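Below you'll find the structure, written out as structure tokens, and then a few comments.
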Amino acid sequence: MKAKSKLHLSLIPVLALLLSGCCSQNKHVESKSDPLPSWNKGKTKQAILDFVTKTTTESSADFIPVSDRIACFDNDGTLWNEYPVYAQFMFSFDRVRAMAPEHPKWKQEQPFKALLEGDMERVWASSVPELLKIVAAAQANTTTDEFAQAVTTWMDTAVNPITRRHYDEMTYQPMVELLSYLRANGYKTFIVSGSGIDFMRPWTEEAYGIPPDQVIGSSYVVKYEIRDGQPVLYRLPEINFVDDKEGKPVGIHQHIGKRPIFTAGNSDGDYAMLQWTSTGPGPRFGMIIHHTDSIREAAYDSLSSIGHLRKGLTDAAKCNWVVVDMKEDWKEIYPLLD
């Protein structure tokens, strides 16, 4: 992929800690360097540092064993850019265009017709079921290996039309640092996203250091088949699980089997996950990424259909969730490119 450098940069604090001969994993990792260099000094950054310190220091009353240090993160709008269009939609549009010669009927069937004619106004005016037809067409009726290769190729070549960056160059540098900092202190980091699990798994390890088995997402039904004497997993055009809203705590339970200690999201689609995390016993940390920077990224919340955030902001104070103001709290939004 095109953004390998950002993962290496995010690991620098971790490597420094490992080389310094620091103590066992049950003790708080001390470092003279700033583990969150892209975060501005202030109450938000300090809240993160204080929480990690108290939950990883053995003498602390809030100490949490390594086996229970679970941190879950939404992806779209929390770990990388989602505005004004989710990356998976862009992937689906590009894939349907590429597949169109094999499906001549699409030229007469909406919303495929509008997409192939470049009438994006008509595409976005489509109903949710119509849009899901495009997503399903791009994802289903292929083996899992074929789909993973299609995603990898797209991530290597596709460019965001606004920023002109590859999509994996639009991860949030402060959040990549946070992931590394948590892992350096014994936390196991997971993605819990409404996006497709098979869409994310091919690239999340390189982008965030999160391996495929620590990715939870929406999924299609998969069938085991023998083709030409070889076993394959074949994706059917049938939704298996939607990992959004109330589905997120369910997905966490089914995949992880433990309630998270640390959870971050950016929309009301993450409300249930934040609520389930913060109401557990012992110390808990809930974080909401508030998109406030119209210059370096985008400013949106309660009036947006993408990353809609109203209830989370309203209830953040009473739930003790930390609201990250992107404009004020982050020195950088995206990683610096060579």
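List of remarks:
- Any chance ASP168 is exposed (fewer than 15 other Cβ atoms within 10 Å of the Cβ), in a helix (DSSP H, G or I), not hydroxyl-bearing (Ser, Thr, Tyr) and not assigned by TED's automatic domain parsing to the domain that holds PHE93: no
- Residues of the range 274-294 that turn out to be touching a helix residue (DSSP H, G or I) at 6+ places or on another chain (Cβ under 9 Å) and over 22 Å from LYS45 (Cα atoms), as a count: 2
- Answer residue from the range 190-220, given it is polar (S, T, N, Q) and in a strand (DSSP E or B) and is surrounded by the fewest Cβ atoms within 10 Å (Cβ to Cβ) among those: SER219
- Single condition ASN141 does not satisfy, out of (1) at pLDDT below 90; (2) out of contact with any Lys or Arg (no Cβ under 9 Å at 6 or more places or on another chain): (2)
- Test for ALA184: is it at pLDDT 95 or above, under 17 Å from ILE70 (Cβ atoms) and in the same structural domain as MET273 (by TED's automatic domain parsing): yes
- Subset tally (residues that are touching a residue at least 60 places away in the same chain (Cβ under 8 Å) and under 13 Å from VAL322 (Cα atoms)) for the range 252-276: 5
- If you go through the range 115-143 and keep only what is touching a residue at least 12 places away in the same chain (Cβ under 8 Å), part of a helix (DSSP H, G or I) and either surrounded by fewer than 15 Cβ atoms within 10 Å (Cβ to Cβ) or out of contact with any Asp or Glu (no Cβ under 8 Å at 6 or more places or on another chain) (or both), you end up with LEU115, LEU116, ARG122, VAL123, GLU130, LEU131, LYS133, ILE134, VAL135, ALA136, ALA137, ALA138.
- Every residue from the range 284-303 that is in a loop (DSSP other than H, G, I, E, B) and surrounded by 18 or more Cβ atoms within 10 Å (Cβ to Cβ): ARG284, GLU297, ALA298, ASP301
- Yes/no for PRO37 being in a loop (DSSP other than H, G, I, E, B), surrounded by fewer than 21 Cβ atoms within 10 Å (Cβ to Cβ) and modelled with pLDDT of 95 or more: yes
- ASP76 being under 23 Å from the mean Cα position of the chain (by Cα), of a type in the set (Asp, Glu), at pLDDT 95 or above and in the same structural domain as ASP293 (by TED's automatic domain parsing): yes
- Applying a threshold of 6 Å to beta carbon distances and a minimum spacing of six or more residues, or different chains, the list of pairs starting in the range 99-110 at a residue that is under 11 Å from ILE134 (Cα atoms) and ending at one that is surrounded by 13 or more Cβ atoms within 10 Å (Cβ to Cβ) reads TRP106/ALA100; TRP106/PHE112.
- Residue count for the range 40-65 under the criterion of being in a helix (DSSP H, G or I) and either acidic (Asp, Glu) or surrounded by 14 or more Cβ atoms within 10 Å (Cβ to Cβ) (or both): the result is 12.
- Residues of the range 221-274 that are in contact with a Ser or Thr (Cβ under 6 Å, 6 or more places away or on another chain), assigned to a loop (DSSP other than H, G, I, E, B) and surrounded by fewer than 16 Cβ atoms within 10 Å (Cβ to Cβ): VAL242 alone.
- When VAL322 is tested against (1) out of contact with any helix residue (DSSP H, G or I) (no Cβ under 9 Å at 6 or more places or on another chain); (2) over 30 Å from TRP124 (Cα atoms); (3) β-branched (Val, Ile, Thr), only condition (1) is not met.
The values are calculated or read from the model by the stated rules, or taken from the named source; none is laboratory data. Given the structure is predicted, the values throughout are model-derived calculations rather than measurements. Reconstructed Cβ throughout: ideal geometry from the backbone, glycine too, with neighbour counts over all protein chains shown.
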